[in-house]
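Below is one structure; the comments refer to it alone.
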Amino acid sequence: MQKFSMLSHSDKVAVGVSGGKDSLALLCVLKKFFEEHNRTKLVAITVDEGIHNYREESLQIVKDFCSQIKVETKISSYKDLFGLGMDQAMQQRPSEKMTSCSMCGTFRRRAIDMMAESVGANVVATAHNLDDQLQTFMINLLSGDTERIGWMYPEPIQYGPNSLRKVKPFVEIYEHEIVFYAVLREIPFQSEECPYMHESIRTDIREFLNKLETGHAGIKYNAYNSMTKISKMFKTSYMGPLSHSKECLVCGRNSTGSICSVCKTLQVLAKNK
Ligand code: SF4
């Protein structure tokens, strides 16, 4: 956190908590850190995607865990925020080319911003770890999305009308180390897998990287360091477009085009109602 100046003393931090091991471990670590520094402005925010037989378990885990460690929690759903949940979005999508995780990721980023704003936070902390970061880098690389690679540099950027800052305190930590911590601290976590997860190329990339790491210990860390250097270069070259985004003509929020990705997705889905 220090390396990339992620937090300052007056920040109010909203932690994105899904109910998985990574996000509960992050909440636990930040709660401890806040207590040690006499800070109180910590809120857990949880998004209900509207996926039947998947979210119910994790919502209960989040509620119980937050009450156990005495952290305020706020839960909102895609249905409340966008008018439909993921199960409905999957039925209304025009084809499988519109993948579950790309729709869900678009909605989640916006939902987290809106929820953080509604609780008065100026920082959003998410539990993305080294493995996640590397997988996302490869997905962006393979899809030719160099602008998103610029966004990946771990130093926080302020954005949006409320100058939110997004931080990823676990970005240099391997996923298996977080699992180890969660098990040692007896942190409960969700066991159900999302029924839509296998649509994403992420699963294939995760398996590929883990296989490489098994044969060549440390290769993911080396790749992460290369990725960070590359994303810094892209960030510098895209800093103009990143900091001068427009307002979406539909919702008025920041957007790189005339209509933001959330409104575009909702428009496509509305055609198949
Ligand atoms: Fe959403 Fe994909 Fe995660 Fe399922 S696996 S919750 S569809 S991002």
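The values are calculated or read from the model by the stated rules, or taken from the named source; none is laboratory data. No experiment lies behind these values; they were computed from the predicted model shown. For neighbour counting, all protein chains shown are included, and Cβ atoms are generated from backbone atoms with ideal geometry for every residue, glycine included. Remember, those area values only see protein heavy atoms, side chains included, never the ligands or the DNA or RNA. Shrake-Rupley method; radii C 1.70, N 1.55, O 1.52, S 1.80 Å.
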Note to self: Cut-off 10 angstrom, C-alpha nodes, Gaussian network model of the chain. Which of 120, 19, 252 fluctuates the most?
What the structure shows: 252
Check: In deg cm²/dmol, rounded to 500, what helix-only [θ] at 222 nm does the chain give when every DSSP H run of at least 4 residues adds -39500 (n - 2.57) and the total is split over its residues?
Finding: -16500 deg cm²/dmol
Checklist line | Where segment 131-273 is the region considered: accessible area per residue in Å², 1.4 Å probe | finding: 59
Notebook entry, point to check: List the lysines whose alpha-carbon lies under 21 Å from that of residue 271, not counting same-chain residues fewer than 8 positions away?
Noted result: 79, 97
Notebook entry, point to check: Carbon and sulfur atoms: what percent of the 1.4 Å accessible area of segment 1-133 do they account for?
Noted result: 48
Next item on the list: Please compute the Cα-Cα pair-distance distribution of the chain with 10 Å bins starting at 0, giving whole percents from short to long.
Entry: 6, 27, 38, 25, 4, 0
Check: Round to a whole number: what % of the accessible area of segment 155-273 belongs to carbon and sulfur, probe 1.4 Å?
Finding: 57
Next item on the list: Mind running the shape call on segment 87-192? Use the C-alpha gyration tensor, a ≥ b ≥ c as the square roots of the eigenvalues: rounded below 1.5 for a/c, prolate if a/b tops b/c, oblate otherwise.
Entry: rounded
Checklist line | Size of charge dipole - segment 188-273 - debye, nearest 20, with Cβ of Lys, Arg +1 and Asp, Glu -1, no other charges | finding: 440
Notebook entry, point to check: How big is the charge dipole of the chain about its Cα centre, in debye rounded to the nearest 20, if each Lys and Arg gets +1 on its Cβ and each Asp and Glu gets -1 on its Cβ?
Noted result: 840
Note to self: Taking a cut-off of 18 Å, what percent of all Cα-Cα pairs in segment 94-136 are separated by more than that?
What the structure shows: 46
Item checked: Contact order relative to length of segment 121-207, as percent, for alpha carbon pairs under 8 angstrom and 6 or more apart -> 41
Item checked: Dmax and Rg, reported as Rg then Dmax, of segment 163-273 (C-alpha, Å) -> 19.3, 50
Checklist line | Translational D in µm²/s for segment 1-80 (Stokes-Einstein at 4 °C, 1.567 mPa s, Kirkwood Rh from C-alpha pairs) | finding: 97
Item checked: Other-chain or far-sequence residues with amide H under 5 Å of residue 72's (modelled H) -> 44
Next item on the list: Return one whole number: the accessible area per residue of segment 12-54 in Å², for a 1.4 Å probe.
Entry: 36
